[in-house]
1. Could you size up the charge dipole of segment 177-325 around its Cα centre, putting +1 on the beta carbon of Lys and Arg and -1 on that of Asp and Glu, and report it in debye to the nearest 20?
2. Please report the orientation-averaged projected area of the chain, defined via the convex hull of its C-alpha atoms, in nm².
3. What residue among LEU368, ALA275, ALA337 has its Cα farthest toward the positive end of the dipole of segment 264-371, where the charges are +1 on Lys, Arg and -1 on Asp, Glu, each on the Cβ?
4. How far, in nm, would the chain grow between ARG5 and LEU209 when pulled straight, counting 0.36 nm per residue and subtracting the alpha carbon separation?
5. What relative contact order, as a whole-number percentage, does segment 276-383 give when Cα pairs under 8 Å and 6 or more residues apart are counted?
6. Given the options TRP181, TRP68, TRP86, state which has the largest fluctuation in a GNM of the chain using a 10 Å cut-off (strictly under) for Cα springs.
7. Which one of GLY26, THR228, TYR354 has its Cα pushed farthest toward the positive end of the charge dipole of the chain, where Lys and Arg give +1 and Asp and Glu give -1 at the Cβ?
8. Would segment 153-307 count as rounded, prolate or oblate if I go by the C-alpha gyration tensor, calling it rounded below 1.5 in a/c and otherwise prolate when a/b exceeds b/c, oblate otherwise?
Amino acid sequence: MYWRRIADLPTWLKAVMVGQLVSSAGALAWIYLTLYLVEDRGMSAQQAGFAAAAYGVGLLGGNLGGGWFGDRFGLRTAAVASQLAWVVTCCAMPLVGTSWIGVVAALAGLCGGASRPNLSALVATALPAERRREGIALSRTASNAGFTIGPPLGGLLAAYNFSLVFLVDAVTSLVMAAVIWRFVPAVRRTASVRVRGLWKALVRDRSVLVLLATIVVVDTVYRQIFATMPLLLRDAGAPAVAYGVLIGVSSVVIVLLEAPLAVRLRGHRATRVVAVGFALVGGGLAILGVWPALAGATLAIVVITAGEMLYKPTATAHVADAAPEGMVGRYSSLYAAASISGMFLAPALGGSAYQHVPGALFPVAAALAVVAAVVQSQVRSVDREAEPAGPPSGSRGRRSSVS
């Protein structure tokens with residue numbers, strides 16, 4: 001039944017997901033950025049850190065602004081343009097002088113960030129409303145499958161020649177751009193599409209604002225598994241490889257189970273599914289607070305991964321579903337920016353807390369996730385998931401710009 005549903009997806013959408021897998025497998029350059037800058041370019045750890053921070057700032061800006069570009073010029077055009085610009089920055093990084101590395105890193109983040117909301121919007125608008133969660137989950141599955149391949153491949157290439165890391169990233173991104181250009185249909189823009197009034201639209205449906213605010217909170221505490229859990233395991237005497245195995249197993253579970261779970265829960269109210277996901281993230285963090293050992297971390301990762309599989313695809317699809325006609329890209333941008341906010345907040349807040357009050361970090365993080373779950377469970381919004389939508393369509397079943 002599940003595989004038959006995948007076969008029923010539009011051909012172009014299946015091609016895009018294959019492209020995502022290839023592109024994610026080759027997304028190596030910025031994983032190894034600081035190591036490359038220190039070992040191959042002779043920069044200090046501090047200089048490399050500033051360059052990585054510039055990439056992060058660009059990433060946030062791209063996530064925020066990419067959807068506007070997609071709404072203004074078309075999701076398909078924006079997705080191709082951001083992929084091609086990313087190719088240019090990958091090729092430029094090994095060639096530019098040291099003084100320009102920060103600038104190139106910021107531009108790379110901008111291009112990479114811009115592609116994410118437009119790809120999410122493409123997937124969301126391709127499907128009827130009742131299949132959007134499933135489509136987003138499948139898209140995440142393709143990306144996660146690629147990520148399980150990429151880091152080991154990048155490590156082998158880096159040991160041989162660091163420049164190959166950037167070359168492979170550029171080539172796989174070029175493949176993704178070609179797939180989008182070749183397979184995604186060009187849909188004519190209609191005169192009725194509205195491209196202004198984002199804030200007014202958000203105020204009219206404050207449930208989206210509440211969701212975005214809770215996503216910022218939950219993403220910040222969720223990313224403690226990357227920011228401070230390695231320190232917790234180190235202090236508990238666990239070997240470094242144990243943490244890598246836990247994260248790797250989590251990715252495999254997501255690849256295998258997230259999309260089937262989205263299909264199983266497609267008839268349930270989105271806000272409730274998101275709230276349960278938040279609560280599970282909180283439960284996993286609470287386990288880390290009371291059982292700071294390898295066995296506790298193993299159980300915590302299982303629970304947190306379950307929560308992630310519930311809330312991430314559901315929230316992404318719900319925001320796209322709430323978007324007025326002509327604003328799917330910008331709504332997706334807002335969600336994309338909120339969903340990476342923890343990349344900046346988690347290390348700073350979590351690191352400081354772990355240094356000064358380590359025993360309080362995970363209990364407080366768990367409490368924040370549970371509060372977010374309670375808030376989200378009380379949200380009342382109009383469910384639009386039963387409305388039909390034709391591929392590729394707008395978020396409410398009307399035609400939108402994909403070209």
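The values are calculated or read from the model by the stated rules, or taken from the named source; none is laboratory data. Quantities reported herein were computed from a predicted structural model and do not represent experimental measurements. Cβ coordinates were reconstructed from backbone atoms using ideal geometry, including for glycine residues, and neighbour counts include every protein chain displayed. Calculation scope for accessible area: heavy atoms of the full protein, side chains included, ligands and nucleic acids excluded. Shrake-Rupley method; radii C 1.70, N 1.55, O 1.52, S 1.80 Å.
1. The dipole of segment 177-325 has a size of about 780 debye.
2. Details: hull surface 74.3 nm².
So the Cα hull casts an average projection of 18.6 nm².
3. The residue sitting most towards the positive pole is ALA275.
4. 70.2 nm
5. Normalised by residue count, the contact order of segment 276-383 is 41 percent.
6. Among TRP181, TRP68, TRP86, the largest GNM mean-square fluctuation belongs to TRP181.
7. So the residue furthest toward the plus end is GLY26.
8. Cα axes put segment 153-307 in the oblate bin.
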